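Q: The following block contains the structure, expressed as structure tokens.
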Amino acid sequence: MKKIFITFLLVVGAFSTSQAQEALTWQTDINKAISISKQENKPLFLFFTGSDWCGWCIRLQKEVFKTPEFEAWAKEKVVLVELDFPRRTPQPDAIKMQNNQLQQFFAVAGYPTVWFVKAGGLVDGKTSLEKLGSSGYAAGGPSVWLSGADKIIANFVPFTAQEQEVAKKEADRVEKDAKKAEKEAKKAAKNKK
């Protein structure tokens, strides 16, 4: 009976942990995040991290980002983007290149760094990014960190209805193109066989 009870606790604990981890969605593709940001009328939350080696990054996640207070705040106020610079965890080359370009653009010199950004219009075929402010690790837990973050995102000017409509159309086009490319890739793979 004791073994059954312990097994039950382990199963329930694993289930609740997996649900808690699924609570927040961290984007890794900046273009997808920009589209979501415009559609949901929220600023981007760019988290520059070294997930598998940076002690302060891990500490910030544990003390702030993995708390119920942060989860509730983030769902309501920002679009989360993780820009990771791991040393041991493999990443696709496209993500590495994207993250390096954003690191250079924001002149990130240390980790963790969080930039709050508003995606703007297209300039030379690229989306402009308006810097609202940045933060890093701050002792004191979620209430201290979120207080500072709220001061920064107070600078966010909401998107117009027209900007949101353009973003929706762009997101639909990108999704359609991705589905088309996937079909073509499957067809090419089938033809190779």
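The values are calculated or read from the model by the stated rules, or taken from the named source; none is laboratory data. The structure presented is a predicted model; accordingly, all values stated were derived computationally and were not measured. Because the Cβ atoms are built from the backbone with ideal geometry, glycine has one as well, and the counts that use them run over all protein chains shown. To get the accessible areas, we keep the full protein, side chains included, count just its heavy atoms, and leave off ligands, DNA and RNA. Shrake-Rupley method; radii C 1.70, N 1.55, O 1.52, S 1.80 Å.
Q: Please compare each pair in Lys62/Lys96; Lys131/Lys183; Lys75/Lys186 to a cut-off of 29 Å on the Cα-Cα distance and tell me which ones are over it.
A: Beyond 29 Å between Cα atoms: Lys131/Lys183; Lys75/Lys186.
Q: What residues have an amide H closer than 5 Å to that of Ser51, excluding those fewer than 5 places away on the same chain, when H is modeled at 1.01 Å from N in the peptide plane?
A: Here the answer is Phe85, since their amide H atoms fall under 5 Å of that of Ser51.
Q: Using only alpha-carbon positions, what ratio does the radius of gyration of the chain give when scaled by 2.2 N^0.38 Å?
A: Normalised by 2.2 N^0.38 Å, the Cα Rg of the chain equals 1.21.
Q: Please calculate the 1.4 Å probe accessible area of Asp52, with all protein chains present, and give it to the nearest 10 Å².
A: Result for Asp52: roughly 30 Å² accessible.
Q: Moving on. Using the heavy atoms of the protein chains and a 1.4 angstrom probe, tell me the accessible area per residue for the chain in square angstrom.
A: 65 Å²
Q: To the nearest 0.05, what FRET efficiency results for Ala139 and Glu76 with a Förster distance of 22 Å applied to their C-beta separation?
A: The computed FRET efficiency comes out at 0.35.
Q: Now for a separate question. Could you derive backbone 3J(HN,Hα) for region 98-113 from the dihedral phi with the Karplus parameters 6.51, -1.76 and 1.60 (θ = phi - 60°), listing whole Hz in sequence and x where the residue is Gly or Pro?
A: In residue order, the calculated couplings are 4, 5, 5, 5, 5, 4, 5, 4, 8, 6, 6, 10, x, 10, x, 9 Hz.
Q: On to the next question. For the chain, what is the calculated [θ] at 222 nm in deg cm²/dmol (nearest 500), taking -39500 (n - 2.57) for each run of four or more DSSP H residues and dividing by its residue count?
A: Dividing the helical sum by the residues of the chain leaves -18000 deg cm²/dmol.
Q: Quick one: what are the phi-derived ³J(HN,Hα) couplings along region 156-165, Karplus 6.51/-1.76/1.60 with θ = phi - 60°, whole Hz, x for glycine and proline?
A: Each residue's phi maps through the Karplus curve to give 6, 9, x, 6, 6, 4, 5, 4, 5, 5 Hz.
Q: Next question, about the same structure. Among Ala23, Val117, Pro43, which residue has its Cα positioned farthest towards the positive end of the charge dipole of the chain, with +1 placed on the Cβ of Lys and Arg, -1 on the Cβ of Asp and Glu, and the dipole taken about the Cα centre?
A: Ala23
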